[in-house]
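Below: one structure, written as structure tokens.
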Amino acid sequence: MDIAILAARDNWYFRDLARAGGSRHRLTAISYKSLGSHVAGANLSIDGGGVSLNSLDAVLVRSMPPGSLEQVVFRMDALARIEAAGLRVVNPARAIEAAVDKFLATAKLQVAGLLVPPTIVCQTAADGLAAFETLGGDVVVKPLFGGEGRGITRVSDVAIARRVFSSLEQIGSVLYLQQFVPHDGVDWRLLVIGDEVLGMKRINPNDWRTNISLGARPAPLEVTIELAQLARRAAAAVGATVAGVDLLPARDGRLYAIEVNAVPGWRALGEVTGVDVAERVLGLLSDL
């Protein structure tokens, strides 16, 4: 198969996919900034890095760099046009748009019947302070867009909350607040690849955040039938074929769905499980 990987050539995941693909697949790394389109008569082409993506078999989204609103909208439009032309796109633009937006993802998870932390989204500092009180005076403030724990802050002091919310309002940010869920410094990352579900624990005894990028260590996790079903339901809620689903076991015994990542990493998970995840992802692309 000829597969475009939306990632930098020196990206670890591109190299891992190229290794797994061997001589069976031809992989080309394409940057988002190189994407362009040519519309003429009845034809519409999407190009990147001198390659016509319309002539390939599949596109795998392996990164989601920041950009202006116009750039992000065009990139998603380009992915949608490629999919409409009949190419296999993982994940589709609609899935990426849903997963990257924490409010939309949370709403879709709730509709799908998963338990999510009590969440309030607002736009002013005054409304943020009211939400802070409603959520019990202990909240996690998250940027609406972003991942890997970047920009996430726990606030449990009303004076600090006032300053944080005012600062966010001044820069035009949406205030996304979730009630802090007491836990033991462990969450579960489930990786959905089509029907297959892999999993690991992420343990951080020194921080309430359990992201690997913030110092958590991975550990094996038994993926039960129930956990696999939850993960598939979460992935389906945002329309993702490949997804990282974060579940948080609370001290009170409840299991919360925290996030769905439509561009999930697998480096630590592959090491813990011993599974060649890149090979499984390429296999899924071949089977679609």
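Give the residue that is surrounded by the most Cβ atoms within 10 Å (Cβ to Cβ), with candidates limited to residues of region 243-288 that are hydroxyl-bearing (Ser, Thr, Tyr) and under 26 Å from LEU114 (Cα atoms).
TYR256
Taking region 201-240 only, how many residues are surrounded by 21 or more Cβ atoms within 10 Å (Cβ to Cβ) and closer than 28 Å to PRO92 by Cα?
Going through region 201-240 one residue at a time, the tally reaches 9.
Quick check on my filter: what residues within region 25-50 are touching a residue at least 24 places away in the same chain (Cβ under 8 Å) and either hydroxyl-bearing (Ser, Thr, Tyr) or within 22 Å of ASP276 (Cβ to Cβ) (or both)?
Residues satisfying the conditions are HIS25, ARG26, LEU27, THR28, ALA29, SER31, TYR32, SER37.
Return the residues of region 81-93 that are crowded, with 17+ Cβ neighbours inside 10 Å and either of a type in the set (Gly, Ala, Ser) or within 30 Å of LEU135 (Cβ to Cβ) (or both); say none if nothing qualifies.
The one that is crowded, with 17+ Cβ neighbours inside 10 Å and either of a type in the set (Gly, Ala, Ser) or within 30 Å of LEU135 (Cβ to Cβ) (or both): ALA93.
Assigned to a strand (DSSP E or B), crowded, with 16+ Cβ neighbours inside 10 Å and among the acidic types (Asp, Glu), is that true of ASP16?
no
Which residue out of VAL164, VAL181 is among the aliphatic types (A, V, I, L, M), part of a loop (DSSP other than H, G, I, E, B), surrounded by 13 or more Cβ atoms within 10 Å (Cβ to Cβ) and at pLDDT 95 or above?
Residue meeting the stated conditions: VAL181.
Pairs please, first residue from region 155-183 and more than 15 Å from ALA126 (Cβ to Cβ), second anywhere and assigned to a helix (DSSP H, G or I) and not basic (Lys, Arg), Cβ atoms under 7 Å, 6+ apart in sequence or on different chains.
VAL155/ALA161; VAL155/VAL164; TYR176/PHE103
Kindly establish whether ALA131 is in contact (Cβ under 8 Å) with a residue 12 or more places away in the chain, assigned by TED's automatic domain parsing to the domain that holds LEU168 and buried (at least 16 other Cβ atoms within 10 Å of the Cβ).
When the stated conditions are applied, ALA131 passes them.
Kindly evaluate ILE193 against the criterion of being at pLDDT below 95, in contact with a Lys or Arg (Cβ under 7 Å, 6 or more places away or on another chain) and surrounded by 17 or more Cβ atoms within 10 Å (Cβ to Cβ).
Values: at pLDDT below 95: no; in contact with a Lys or Arg (Cβ under 7 Å, 6 or more places away or on another chain): yes; surrounded by 17 or more Cβ atoms within 10 Å (Cβ to Cβ): yes.
No, not satisfied.
Condition check ((1) polar (S, T, N, Q); (2) in the same structural domain as GLY244 (by TED's automatic domain parsing); (3) not in a helix (DSSP H, G or I)) across all residues:
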residue	(1), (2), (3)
SER63	yes, no, yes
PHE74	no, no, no
ALA78	no, no, no
ILE82	no, no, no
LEU104	no, yes, no
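Are any residues in region 19-49 of a type in the set (A, V, I, L, M) and either over 14 Å from LEU79 (Cα atoms) or crowded, with 19+ Cβ neighbours inside 10 Å (or both), and if so, which ones?
Quick first cut of region 19-49, residues of a type in the set (A, V, I, L, M) only: 20, 27, 29-30, 35, 39-40, 42, 44, 46.
Selection gives ALA20, LEU27, ALA29, ILE30, LEU35, VAL39, ALA40, ALA42, ILE46.
The values are calculated or read from the model by the stated rules, or taken from the named source; none is laboratory data. Treat the numbers as computed from the prediction; the structure is a model and nothing was measured. Heads up, the Cβs are rebuilt from the backbone with ideal geometry, glycines too, and the neighbour counts pull from every protein chain shown.
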